[in-house]
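What follows is a single structure, written as structure tokens, with notes after it.
The values are calculated or read from the model by the stated rules, or taken from the named source; none is laboratory data. Here the structure is a predicted model, which means the values were calculated and not measured. Accessible surface is based on the protein model in full, side chains and every heavy atom, while ligands, DNA and RNA are left aside. Shrake-Rupley method; radii C 1.70, N 1.55, O 1.52, S 1.80 Å.
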Amino acid sequence: MTKPTLALAFLTATACAALRGPPALKPLGDEAEVQVHLLPLPRGSDRLSFAIATVSLHRRDGGDVPLEIVLRDVSGAKGRDEQLIAWGRIPAGEYTGVSVKASAASLGRGEERSRLLVEPEPSLAELAFHVSPGRAAVVWLGLAPTPVKSEYSFAPRFTAVLAPQTAPRAALYCTNAGWSNVTVEDRGAKLVT
């Protein structure tokens, strides 16, 4: 092969590899997967914005398992839909809750934003659940009403529930090769289950 032919072959192979995107994740095997979705924010939260610093799961044996943040900035103006905020491959087993720590918050009025003091401790939403090896779970988090105290302090409290399984007739299925998973959405509720 000549040098120009070799260079062309190398460039073609490199371009094709770039088009494939990131390598897909391996099958779960002994691990499990959890996705944490924030449900639509409560009525009256359209002026609120906050940043998520950490999301973690609490194991029954006392350890914490951090999750990867997908959506760091939450806006009340855009919070009318369910949003994936964190996910992770985790050890299979028993869990007792989801912890969310905010790093910043603000309230808006027209074009102006006022920064809020953020509670330094994470908010723990208690939820006892089990995830088996090779399986996945979807956790729905709901922000409790009135997380803003006296217009200057942000102290979020969350509730957590496991998403129910959607009946096959009401389900939409979406494959995600990058995460090696299938997402199921309830057509009527328009929520990931």
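Details
- Whether the range 24-75 is rounded, prolate or oblate, judged on the alpha carbon gyration tensor where a/c under 1.5 counts as rounded: prolate
- With a 1.4 Å probe rolled over the protein heavy atoms of all chains, the accessible area of Arg59, Arg135 falls in the order Arg135, Arg59, largest first.
- For the range 59-139, the fraction of 1.4 Å probe accessible surface lying on carbon and sulfur atoms is 47 percent.
- Cut-off under 5 Å, modelled amide H: who pairs with Leu127 long-range: Gly97, Val98
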